Amino acid sequence: MDKLQAYNITFKGLKDGKHQFHYTIGKSFFEAIEGSTIEDGNFEVDVVMNKKPQMLQLEFNIDGNVQSICDNCLGDITIPVTYQGSVYVKFGIEYDEPSEEIIIIPQEENELNIAQLIYEYIVVSMPLRSVHEDYLSCDPEMKAKLEEFSREQNHTKNKIKETTDPRWDALRKLKNNNNNK
């Protein structure tokens, strides 16, 4: 977590009102996040903290891209990612996250590390499938292999349908006769 200390926001001692923070995120950020599914990316993160006596409101504006692998051809792909959202930090007895938008931290805390929040917002903003915008951009060698495999698989399925056990055919006829009655 030492590498992520740059993402600590020390709010004790700050006056009530809005405070702005800016972060530039790269590969080292994702390497520092334990269990990260993202290996590389470039992001600009702007956080506006509105400090109030009983809570903090953090507004995130994240814009950048993730370097990933295409789910179709396994080639390199750059995925644009944007996120805008808010989280409310309230003070209580112990740490808790009752909802996605609310975090409760102990009253004696004087700073908040937002690295995990930034990472989670990037991950949930990514598309479910990472693919090139058009199939033509995919690796031609891999496309040929996929089409060849697809043809072989269809041929195998058709062959299996043709060679069924005659006992099963007799049972299917009985079943169909019962359904027609």
Exercise. Looking only at segment 50-108, which residues are of a type in the set (S, T, Y) and touching a Pro at 6+ places or on another chain (Cβ under 8 Å)?
Worked result: Y95
Problem set entry | When residues of segment 65-103 are limited to those that are of a type in the set (D, E) and in a strand (DSSP E or B), the one nearest to H132 (Cα to Cα) | D76
Seminar exercise, completed: Of the residues in segment 88-100, those that are within 18 Å of the chain's Cα centre (by Cα) and either at pLDDT 90 or above or not charged (D, E, K, R) (or both) come to none
For this session: Pick out the one residue from I79, I122 that is touching a Ser or Thr at 6+ places or on another chain (Cβ under 8 Å), of a type in the set (V, I, T) and under 19 Å from S36 (Cβ atoms).
Result: I79
Exercise. Is there any pair linking a residue in segment 159-181 that is at pLDDT below 75 to one that is surrounded by 10 or more Cβ atoms within 10 Å (Cβ to Cβ), with Cβ under 9 Å and at least six apart or on different chains, and which?
Worked result: T164/R172
For this session: Go over the candidates C73, C138 one by one and state the one that is over 23 Å from K27 (Cα atoms), touching a His at 6+ places or on another chain (Cβ under 6 Å), at pLDDT below 90 and not hydroxyl-bearing (S, T, Y).
Result: C138
For this session: Give just the number: which of (1) over 30 Å from L146 (Cβ atoms); (2) in contact (Cβ under 8 Å) with a residue 24 or more places away in the chain; (3) of a type in the set (V, I, T) does I103 not satisfy?
Result: (2)
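The values are calculated or read from the model by the stated rules, or taken from the named source; none is laboratory data. Only a predicted model underlies this, so the values are computations on that prediction, with no experimental measurement involved. All Cβ positions, glycine included, derive from the backbone under ideal geometry; neighbour counts span all protein chains shown.
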